[in-house]
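The values are calculated or read from the model by the stated rules, or taken from the named source; none is laboratory data. Predicted, not measured: the structure shown is a model, and the values here were computed from it. So basically every Cβ, Gly included, is an ideal-geometry build from the backbone, and we count neighbours across all protein chains shown.
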Amino acid sequence: MILPAKFRERLAGGLVITRGQEHCLYVFTQADFERLVQQWQDSPTSSKTVRDYQRFFLSGASDEIPDKQGRVTVPPLLRSYAGLTGECTVIGAGNRLEVWDSRAWAAYTEEHEDSFADLSEEVVPGLM
């Protein structure tokens, strides 16, 4: 996969790719991923749901270093999970990137664009 130019500098030192929700992949800087893991380590693991989520999320994590052209290898397990067989779409999503099969991303945006305007007040009250 080739990272879009606008994200390359931030990810040049290393990144972590892992399973995301809705069958996309999450891409974190190494530092952001380590902070996330530390937060989980500092929280109680008495909840089976939390343990299950952590296992699923962390077991697919892959450390990668982009080459000079911004290319990274996406392991077969993660390619399969996200359905990446052809063209993919890379989006910025806060502290991470998301990698989607382009057809899946188009379907997702089409399905959710009508409710997008309605969600802003609930998700970010007073901000927009």
Residues (over 18 Å from R8 (Cβ atoms) and not in a loop (DSSP other than H, G, I, E, B)) located in the stretch 66-100: P76, L77, L78, R79, S80, Y81, A82, W100
Got at least one residue in the stretch 74-84 being in contact (Cβ under 8 Å) with a residue 40 or more places away in the chain and either surrounded by fewer than 16 Cβ atoms within 10 Å (Cβ to Cβ) or among the basic types (K, R) (or both)? yes
Test set (1) exposed (fewer than 13 other Cβ atoms within 10 Å of the Cβ); (2) at pLDDT 95 or above; (3) outside any strand (DSSP E or B) - D63 fails condition number: (3)
Taking the conditions exactly as written (closer than 30 Å to R103 by Cα, of a type in the set (D, E), under 18 Å from the mean Cα position of the chain (by Cα) and crowded, with 16+ Cβ neighbours inside 10 Å), does E87 satisfy them or not? no
Looking only at helices (runs of 4 or more DSSP H) that lie completely in the stretch 1-60, which have at least 3 residues being among the basic types (K, R) and closer than 18 Å to L97 by Cβ? 5-11
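Can we say V123 is out of contact with any strand residue (DSSP E or B) (no Cβ under 6 Å at 6 or more places or on another chain) and either at pLDDT below 95 or closer than 21 Å to V27 by Cβ (or both)? Spell out how you get there, then give the answer.
Working: out of contact with any strand residue (DSSP E or B) (no Cβ under 6 Å at 6 or more places or on another chain): yes; either at pLDDT below 95 or closer than 21 Å to V27 by Cβ (or both): yes.
Yes, satisfied.
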Would the stretch 106-114 turn up any residue that is farther than 17 Å from T29 by Cα, surrounded by 13 or more Cβ atoms within 10 Å (Cβ to Cβ) and either modelled with pLDDT of 95 or more or of a type outside the set (G, A, S) (or both)? yes
Picked from the stretch 28-49 (must be of a type in the set (A, V, I, L, M) and out of contact with any Phe, Trp or Tyr (no Cβ under 8 Å at 6 or more places or on another chain)), the residue farthest from L11 (Cα to Cα) is V37
Mind checking whether some residue in the stretch 75-86 is closer than 14 Å to M1 by Cα and modelled with pLDDT under 95? yes
Can you tell me how many residues in the stretch 71-98 are closer than 17 Å to Q30 by Cβ and in contact with a Leu (Cβ under 7 Å, 6 or more places away or on another chain)? 3
